[in-house]
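Read through the structure below, which is laid out as C-alpha cells, and then see the notes.
Just so it is clear, none of the values below were taken in a lab; they were calculated from the coordinates. What you see is a predicted model, and the numbers here were worked out from it, not measured in a lab. All Cβ positions, glycine included, derive from the backbone under ideal geometry; neighbour counts span all protein chains shown.
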Amino acid sequence: MKLYTLPGSPNSRKVVAVLNHLGLKAEITGLDFASGDTTRPEFVALNPNAMVPVLVDGDVTLWESNAINIYLVEKAGGSSLFPADPVVRADVLRWQFWELAHFNRAFGTVVFESVIKPKFGFAPPSKDLMDFCLQEIARYAPVLDGRLEGRATLVGSGVTLADYAMICLEKYRDAIDFDWSRFANINRYFDAMRATDAWSRADSTLTALRKAA
Ligand SMILES: N[C@@H](CCC(=O)N[C@@H](CS)C(=O)NCC(=O)O)C(=O)O
C-alpha cells in the first residue's frame, strides 16, 4: 500500500494513526505543497480534488480520510475501531460525518486562514470567513463537550475511528484565536488522545517527512 500525504496534514494523520493502530504497513510519500506537487497531473489523476490523503492499494485508489480508514479496518479483517454492530457503526459514522461537515470544517478553515496562509505566503486571511468559522466553532464545541461529559471516547468505551477523526486538528488548539478554557471535556479528551501511541507515532512520522523535505 502507498499513502500520499503532506507533512503537516491533519487528515493524513488520521490515516497514519489508524495504520499504526491496526499494525498495517504502508509506504508513505510526503508531497511538497509549496512546490505544487498536489496539482501535478499525475497526482490529480489519483485525486481530482488535488488533496491528500490518497491511498493506493493495488487496483484500489481511495481519497477521503474517513473512507480510507474504513477500508483499512475491513482490510485488517475487522477491528473494534469500527465495530460490526450496526447501531455502534452508525454512531461512529455519525461523528465522522459531523467532524467533517461541522466541527473540523470550521476549525480547519480557521487554521488554514490564520496559520497555513501566512506560513506559505498566501493572500491575507479573510476576516469574514474567520469570523464565521469562529462562530461555528463556538456553536459546535458545546455539542462535542457535552458528548464527552463523563466519557473518555466518543462511542462506546474504547477508541474508534470517530476519535482519530475528531482529534485531527488537536495540535492547532492553541494556534487559533479561540477560547477553549470553557470546554474542559474537549481539553481532557484532546490531551488523552494525543498521548495515545498510534496518534503520537503518526505525528513523528509526518514530522520526519517535513524534516526530510
Ligand atoms: N475531506 C478530505 C479533506 C482533505 C484535505 O483537506 N486535505 C488537505 C490536507 S489535510 C489538503 O490536501 N489540502 C491541500 C489543498 O487544499 O490544496 C479528507 O478527509 O480527506
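Phi angles of the stretch 52-66 translate, via the Karplus equation with coefficients 6.51, -1.76, 1.60 and θ = phi - 60°, into HN-Hα couplings of 9, x, 10, 10, 10, 10, x, 7, 8, 10, 10, 10, 5, 3, 6 Hz per residue; Gly and Pro are given as x.
At a 10 Å Cβ-Cβ cut-off, how would you order SER35, SER126, fewest neighbours first?
SER35, SER126
Straight-line cross-link partners of LYS127 among the lysines, defined as a Cα under 28 Å from its Cα and at least 8 positions apart when in the same chain: LYS117, LYS119, LYS171. Annotation: extensible slack from GLU74 through SER35 equals 10.6 nm (criterion: 0.36 nm per residue apart, minus Cα-Cα distance). When you filter the chymotrypsin sites (Phe, Trp or Tyr not before Pro) in the stretch 168-197 for DSSP loop state and at most 15 other Cβ atoms inside 10 Å of their Cβ, nothing is left. Distance from the C-alpha centroid of the stretch 31-103 to that of the stretch 166-213: 19 Å, rounded to the whole angstrom.
The phi-based Karplus calculation (6.51 cos²θ - 1.76 cosθ + 1.60; θ = phi - 60°) puts the 3J(HN,Hα) values of the stretch 16-23 at 5, 4, 6, 4, 4, 4, 7, x Hz, whole numbers, x for Gly and Pro.
Could you give the length gained on full extension between ARG151 and ARG188, defined as 0.36 nm per residue of separation minus the Cα-Cα distance, in nm? Walk me through the intermediate numbers first.
Values: separation 37, 0.36 × 37 = 13.32 nm, distance 1.02 nm.
Contour length minus Cα-Cα distance gives 12.3 nm.
What lysines does LYS75 reach when the alpha-carbon gap must be under 16 Å and sequence neighbours fewer than 8 apart in one chain are set aside? Candidates past the 8-residue exclusion: LYS2, LYS25.
Computed 3J(HN,Hα) for the stretch 135-148, one whole-Hz value per residue from the Karplus formula 6.51 cos²θ - 1.76 cosθ + 1.60 where θ = phi - 60°, is 5, 5, 4, 4, 6, 8, 4, x, 5, 5, 4, x, 4, 8, glycine and proline marked x. Each other residue within a Cβ distance under 15 Å of GLY78 adds +1 if Lys or Arg and -1 if Asp or Glu, for a net charge of 0. Sequence-distant contacts, meaning Cα pairs under 8 Å at least 6 residues apart, place the relative contact order of the stretch 1-112 at 25 percent. Semi-axis lengths, largest first, of the ellipsoid equivalent to the stretch 86-196 are 26, 14, 13 Å, with √(5λ) applied to each eigenvalue of the Cα gyration tensor.
Taking the convex hull of the Cα atoms, report for the chain its projected area averaged over all directions, in nm². Can you show the working numbers first?
Working: hull surface 47.5 nm².
Its average projected convex-hull area is 11.9 nm².
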